[in-house]
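Everything on this sheet refers to the single structure shown next.
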Amino acid sequence: MVSLIDQNNGPQLQSRFAEALIASGLVDDVEDLQALDPRPYRFTEGEFVCHRGDLANCLWVIVDGAVSVRDEQHSLFVRQRHEVVGEQNLLGDGCHRWYDLVVSERNAELLRIDRHQLELHPQKDLLWRNIAKIISLKLKKATRRNLELGRQLEDDTRILHAYTNEYALGRRLQFGGVQSTDHKTETAVIWFSDVVNFSSYVLELAPDRTADVVQRFFNAQSLPIQEHGGHIDKFMGDGLMAFWIIEAEQETDSVCDQVVKAAEEAVAAVARIHLGTEPLRLRVGLHLGTVLTGDFGSATRHQFTLIGREVNKAARLEQIDQADVFEGKHKLGPIRLSREVHDRLQLPAKSRYGARLLAHGKHVGEIELFVASR
């Protein structure tokens, strides 16, 4: 414990202690500071000033250093030099500490003022008024901080939704922010799409014009995908990957019908975008199969996605060109369905896609596909 007495001026508070009391706002309009019987204590970093659950029978004024207000291991606030701490719990008889007070700098010096000294002081009404004012100011500051955090949370949420689909976000939230998601084997309809020959325009158009067109044709696909229950996995140049997870309670036939409706709407919407007089053309490959889902990547950066042979097959369906077809008379349409998707369609969708073709798929061999029969 440090001496309170000013060695040069007799029984008076040392000037730095008096300065801390005055700067804290605790003793505004109070004449006799010595009557509070403040007692100085020194602490080192990490040392507890008081623990959660302790009887709240005093408050503290920080002469030097800083004190963290903690809820278990989480620091809620840091109180700095010349601030009051521990005063809120004094307002009720027999109250206990709500939080731990822990020194957060290498050394700290605090003045302890016991509750009974506040009650015995001849100007106790002023002291309690000042304590109420200190609490009010802290509440105002905390309210502003909460508003700022709320706005930041809204901004972060918008950013998160812009870069992560709802399904991946839900999986991630189950595991918290410090862990990757688990990995699951699931059944999914996989969508790959690409705007035909758009790459040839990229260097010919002004950069802003290119960005505008790209946004328009991705919007034209994203909206029907989301409206029909799908999730955007990623954008790849002018290509797009999306998926529908078949949940246990869902009917695969119904999901496949929704996927095909989304593809038809996307093809029509992209065709309404023109470069000059030329409409853009979209190709879509759709396949149903078993995939592995979860976070994949490096130790420092990863992405939720789907991987596996069935994902590759969906990509190859989209990439097939007329020259790859070796059986079947119909021309390739913009929407190409694997047999797995075709067989689960309900009428009349199955009738619309009744033309069967066989084609060579790069790295996957022979692919059976179905396209619109008219």
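The values are calculated or read from the model by the stated rules, or taken from the named source; none is laboratory data. Keep in mind that this is a model prediction, so the values were computed, not measured. Cβ: placed from backbone, ideal geometry, glycine included. Neighbour counts: every protein chain shown. Accessible surface is based on the protein model in full, side chains and every heavy atom, while ligands, DNA and RNA are left aside. Shrake-Rupley method; radii C 1.70, N 1.55, O 1.52, S 1.80 Å.
Just a few scattered comments:
- Identity of the residue in the stretch 72-122, closer than 18 Å to Ile135 by Cα and among the basic types (Lys, Arg), that ends up most open to solvent (accessible area, probe 1.4 Å): Arg81
- Residues that are in a loop (DSSP other than H, G, I, E, B) and open to solvent by 20 Å² or more (accessible area, probe 1.4 Å), drawn from the stretch 211-237: His228, Gly229, Gly237
- Scanning the stretch 40-82 for residues that are touching a Ser or Thr at 6+ places or on another chain (Cβ under 9 Å), within 19 Å of Ser15 (Cα to Cα) and not in a strand (DSSP E or B) yields a count of 2.
- Those residues of the stretch 183-200 which are among the polar types (S, T, N, Q), closer than 18 Å to Phe235 by Cα and part of a strand (DSSP E or B), in sequence order: Ser193
- All positions within the stretch 19-39 that are in a loop (DSSP other than H, G, I, E, B) and buried (at least 21 other Cβ atoms within 10 Å of the Cβ): Leu26, Val27, Pro38
- Qualifying residue in the stretch 226-242 (condition: among the aliphatic types (A, V, I, L, M) and in contact with a Phe, Trp or Tyr (Cβ under 6 Å, 6 or more places away or on another chain)): yes
- Qualifying residue in the stretch 122-132 (condition: of a type in the set (Gly, Ala, Ser), modelled with pLDDT under 95 and within 36 Å of the chain's Cα centre (by Cα)): no
- Beta carbons closer than 7 Å, at least 6 apart along the sequence or on distinct chains, pair a first residue in the stretch 57-69 that is farther than 8 Å from Ala108 by Cβ with a second that is of a type in the set (Phe, Trp, Tyr) and surrounded by fewer than 20 Cβ atoms within 10 Å (Cβ to Cβ) for Val69/Phe77.
- Helices (runs of 4 or more DSSP H) wholly inside the stretch 297-374 containing at least 3 residues that are open to solvent by less than 40 Å² (accessible area, probe 1.4 Å), touching a helix residue (DSSP H, G or I) at 6+ places or on another chain (Cβ under 9 Å) and small (Gly, Ala, Ser): none
- For beta carbons closer than 9 Å, sequence separation of 6+ or different chains, a first residue in the stretch 307-335 that is on the phi > 0 side of the Ramachandran plot and a second that is loosely packed, with under 15 Cβ neighbours inside 10 Å and among the polar types (S, T, N, Q), the qualifying pairs are Gly308/Thr185; Gly308/Thr290.
- Among the residues listed as Glu31, Glu45, Glu87, Glu83, the single one being farther than 22 Å from Glu119 by Cα and among the charged types (D, E, K, R): Glu45
- Residues of the stretch 274-288 that are closer than 30 Å to Asp343 by Cβ and crowded, with 19+ Cβ neighbours inside 10 Å: Leu282, Arg283, Val284, Gly285, Leu286, His287, Leu288.
- Any hit, the stretch 165-174, residues being of a type in the set (Ser, Thr, Tyr), open to solvent by 30 Å² or more (accessible area, probe 1.4 Å) and assigned to a helix (DSSP H, G or I): yes
- Evaluation of Ala271 against the conditions (1) open to solvent by 30 Å² or more (accessible area, probe 1.4 Å); (2) within 26 Å of His183 (Cα to Cα); (3) of a type in the set (A, V, I, L, M, F, W, C); (4) modelled with pLDDT of 95 or more shows that the sole unmet condition is (2).
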